[in-house]
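Only the coordinates and a few stated rules stand behind these numbers; no lab work does. Predicted model only: the values in this text are computed from it and were never measured. Note that we place each Cβ from the backbone using ideal geometry, even for glycine, and neighbour counts take in every protein chain shown.
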Amino acid sequence: MNGNVRPESMTRISTPELAEAFINEQIAEIKAQVGDRKVLLALSGGVDSSVVAALLIKAIGKNLTCVHVNHGLLRKGEPEQVIKVFKDEMNANLVYVDAVDRFLDKLAGVDDPEAKRKIIGKEFIDVFVEEARKLEGIEFLAQGTIYPDILESDGIKSHHNVGGLPEDLKFELVEPLKLLFKDEVRVVGRTLGLPDGMVDRQPFPGPGLGVRCVGAITRDRLEAVRESDAIVREEFAKAGLSNHVWQYFTIVPDFKSTGIRDGKRSFDWPVVIRAVNTVDAMSATIEPIDYALLAKITERITDEVKGVNRVLYDVTPKPTGTIEWE
Ligand code: XMP
């Protein structure tokens, strides 16, 4: 596909048959562009990079190297899912980098939100560059750019995700999804055999759980974010809300309050639940959650998540609140 403009005649990919046709066309284009040369991809496990990976694996197999950086700020089960789906099931050439300690050590004691973002962004590029330089003969870089990224090049994603690769790693780009909208990417992903949990994922910020562990990140509070987030996702799924609410997650602020547990006073963190709906993430409304569901989630979080004694529901729209807390 040439150019960055979606032709008006292009059919919206809404069925497996249309996705199949798109996949075949892209495989031919990728083969024509890349031949038997090597391609590198930063695979976060998000929808876009996962679909690019699955497409390239089909087109060029082991000539694609996927690098998955675990920065310790991913949601529960995500790194394991990337390994299972891409390495075990699709037999991909996957480099898994456990950079958890490296990121958390760099972030220790840093409480300024912008400083945290900068560290996470810079460290991510550094780790990726180190891994890329270990590889021989790479000539292309694949990216999960989608059409809204091109249309809104000054929008949310580019506003948040700054940083670039050094000159020696500025490879020719392979961007097979660049004319697709998100819903089309999901249909293509499903047709390529990716699991629903991966294809239907809600948006997740680059700095991950780091912006939800408010203030200076500690491992125990980060664990409270991860575990409470997993409970909210599980309960939303059971209640049939996963594909109905745009984004939902938990935040753990860096203060404690008094509570009571087993007849004794406790001094623990609160967990804040946030569930929002939006069209473009520039403004957002609050999902009115059924009280029984909130009560159930509260009971599970206070029972199962270490160091937490309260659960709050954030009812602030954007504006005045941003969607994330940092
Ligand atoms: P805010 O908090 O600005 O978030 O209302 C708007 C949307 O952007 C997501 N977000 C990010 N996405 N990198 C991203 O790719 C980031 O650094 C980042 N920070 C926030 C946020 O999850 C919400 O969907």
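Tabulated values for the structure
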read-out	value
Euclidean distance between Cα centres, segment 169-245 to segment 59-110, Å	14 Å
Backbone HN-Hα couplings from phi across segment 133-150 [Karplus 6.51/-1.76/1.60, Hz, Gly and Pro as x]	6, 6, 8, 9, x, 6, 10, 9, 10, 8, 9, x, 4, 10, 4, x, 5, 6
Integer Hz, Karplus 6.51/-1.76/1.60 couplings in order for segment 100-116, x for Gly and Pro	4, 4, 4, 5, 5, 5, 5, 8, 4, x, 8, 10, 6, x, 5, 5, 4
Per residue Cα convex hull volume in Å³ - calculated over the chain	143 Å³
Order by protection proxy (mean Cβ within 10 Å, highest first), peptides 107-116, 93-102, 227-236	227-236, 93-102, 107-116
Within segment 90-118, backbone nitrogen closer than 18 Å to the virtual label 7 Å beyond the Cα of T320 toward Cβ	none
Extension gain, K264 back to L169 (0.36 nm per residue minus Cα-Cα distance, nm)	28.4 nm
Stokes-Einstein D (µm²/s) once Rh is taken as the Kirkwood radius of segment 16-199 over alpha-carbon pairs, at 20 °C in 1.002 mPa s	125 µm²/s
Pairs from K106/K264; K116/K296; K134/K306; K38/K182; K58/K318; K87/K170 whose Cα-Cα separation, in the structure shown, is over 30 Å	K106/K264; K116/K296; K134/K306; K58/K318
Two-decimal log10 I(q)/I(0) for segment 125-230, as the Debye equation yields it once each C-alpha is a single scatterer, q = 0.16, 0.20 Å⁻¹	-1.06, -1.26
Angle in degrees between helix 47-60 and the longest Cα principal axis of the chain, rounded to the nearest 10	30 degrees
C-alpha long axis of helix 219-238 to longest principal axis of the chain, angle in °	80 degrees
Cα shape, segment 61-106, gyration tensor, a/c 1.5 rule	oblate
Dipole magnitude of the chain about its Cα centre (Cβ charges: Lys, Arg +1; Asp, Glu -1), debye to nearest 20	560 debye
Global form of segment 1-117, assessed from the alpha-carbon gyration tensor, a/c cut-off 1.5	prolate
Extension gain, L135 back to M10 (0.36 nm per residue minus Cα-Cα distance, nm)	41.3 nm
Cα-projected label distance for S283 with N243, points at 7 Å along beta-carbon direction, nm	2.8 nm
Cα-derived Rg to Rh of segment 212-313, Kirkwood definition	0.99
Most to least packed among 140-149, 257-266 [average Cβ atoms within 10 Å]	140-149, 257-266
